[in-house]
1. What does the charge dipole of the chain about its Cα centre add up to, to the nearest 20 debye, if the Cβ of each Lys and Arg holds +1 and the Cβ of each Asp and Glu holds -1?
2. For the chain, what is the calculated [θ] at 222 nm in deg cm²/dmol (nearest 500), taking -39500 (n - 2.57) for each run of four or more DSSP H residues and dividing by its residue count?
3. With r as the distance between the Cβ atoms of GLU56 and THR288 and R0 = 56 Å, compute the FRET efficiency 1/(1 + (r/R0)^6) and round to 0.05.
4. Any of LYS245/LYS356; LYS92/LYS147; LYS46/LYS220; LYS48/LYS162 with alpha carbons more than 24 Å apart? Name them for me.
5. Which semi-axis lengths, in whole Å and largest first, follow from the square roots of five times the eigenvalues of the Cα gyration tensor of the stretch 103-241?
6. Roughly what would the spin-label model give for GLU106 and ASN302, points 7 Å off Cα along C-beta, in nm?
7. State, to one decimal in nm, how far the label point of ASP327 lies from the label point of ASP209, with both points 7 Å from Cα in the Cβ direction.
8. Under 4 °C and 1.567 mPa s, how fast does the chain diffuse according to Stokes-Einstein, given a Kirkwood radius computed over C-alpha pairs? Answer in µm²/s, whole number.
Amino acid sequence: MKKLKEQIMSMKRIYLVLAGAVIVLLIACITIVLLYQNALRPVSSKSKEVQFEIKEAETMDSVLTRLEEEGIIKSAAFAKWYVKFHDAGHIKAGTFVLDTSWDTAEVLAYLNDANAALAKQATITLPEGIWAKEIAAKISEETSVSKEELLALWNDETFLKKMIEQYDFLDESILNDAYRVKLEGYLYPETYSFLKESSAEEITVRLLDEFDKIYQEYRKDFEKSSLSTHEIVILASMIQFEASKAEDMYLVSGVFYNRLGIDMPLQSSVTVCYALYNDFAHASDCETNADIDSPYNTYQHNGLPIGPILNPGKVAIDAALHPQESDYLYFIADIYGDGTVYYAKTFEEHSALVAKYLNQ
């Protein structure tokens with residue numbers, strides 16, 4: 001009888017353990033379901049349209065990660081589950097206008113619809129080393145925004161103050177009334193897809209967002225530099241203009257640092273090009289107008305020019321942050337030939353190079 005009672009008690013304990021395990025499992029399942037449902041809800045109750053581009057051959061994981069990073073869906077991890085359960089992985093390349101008030105199911109359904117990709121979009125390539133006014137002209141050719149509207153916005157102090165609050169790489173250095181274009185240097189060269197009906201502000205934010213990606217990549221280097229972020233951008237713009245080949249950019253950067261280190265005028269002819277601005281037609285103009293009165297002219301003013309002289313790319317920015325050490329104090333570019341850059345340690349060596357390659 002005692003043995004039977006022990007067996008019954010043992011069975012009860014087993015049942016209690018099993019019942020407890022089932023309850024825990026049910027709670028876990030309910031929790032996961034609730035987390036899953038919540039993770040698929042919209043990120044916002046307010047409607048806000050966001051332009052999102054999917055590139056050819058981009059993976060589903062990459063798209064979901066970017067959707068989360070850009071605040072369009074709550075969770076890439078739970079979205080992956082949704083994709084598997086609902087066969088929603090047939091995304092299409094193109095540019096889509098999404099809404100932050102959509103839930104994950106709506107977003108993915110839209111991205112799986114080839115007809116949803118925008119037909120009215122413009123793909124514009126902005127090459128490294130062009131001026132803000134050239135960027136404005138290129139964009140105006142493909143969109144409804146005029147060149148004048150863009151340039152006005154890029155000099156609008158109210159708008160610029162808003163951008164300074166939004167981006168860590170901008171500060172009040174750009175609010176200089178002597179600048180030709182206050183956002184010169186920060187309009188990042190890249191290939192963009194814009195809605196043809198995009199506003200000047202939307203376009204500008206896209207350009208600044210691309211610059212911000214580079215800034216965040218090099219943020220620690222910017223912070224370690226003896227130059228301010230704005231000074232690095234100024235220097236990078238000069239490097240981009242002076243050196244046509246990536247390998248020259250680091251040596252050219254080193255020459256500028258050498259000169260700055262001994263308070264020697266930079267005497268960069270490309271700053272004369274920008275000083276000439278609308279009167280600049282050929283590189284030779286920059287060699288013959290070193291006496292032009294302009295705060296951009298580094299023949300007339302020591303140190304860096306007053307502001308950036310074009311919009312540099314990643315390599316030029318990297319070179320401005322990581323100059324190649326050398327004993328060179330001079331260089332020239334063969335503007336009448338293939339653009340090869342020649343370096344010299346002394347003024348005599350430099351004069352010989354000028355006589356050989358530039359005195360034509």
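The values are calculated or read from the model by the stated rules, or taken from the named source; none is laboratory data. Keep in mind it's a predicted model, so treat the numbers as computed, not measured. So basically every Cβ, Gly included, is an ideal-geometry build from the backbone, and we count neighbours across all protein chains shown. Heads up: the accessible areas ignore ligands, DNA and RNA and are worked out on the full protein's heavy atoms, side chains in. Shrake-Rupley method; radii C 1.70, N 1.55, O 1.52, S 1.80 Å.
1. For this selection, approximately 2900 debye.
2. Details: 15 runs with 181 residues, N = 360.
About -15500 deg cm²/dmol.
3. Approximately 0.75, to the nearest 0.05.
4. From the list (LYS245/LYS356; LYS92/LYS147; LYS46/LYS220; LYS48/LYS162), the Cα-Cα distance tops 24 Å for LYS92/LYS147; LYS46/LYS220.
5. Taking √(5λ) for each eigenvalue gives 29, 19, 14 Å, largest first.
6. Going by the 7 Å Cα→Cβ label model, 6.3 nm.
7. Each label point is offset 7 Å from its Cα along the Cβ direction, giving 5.1 nm.
8. Working: Rh = 24.3 Å.
Estimated via Stokes-Einstein, D reaches 53 µm²/s.
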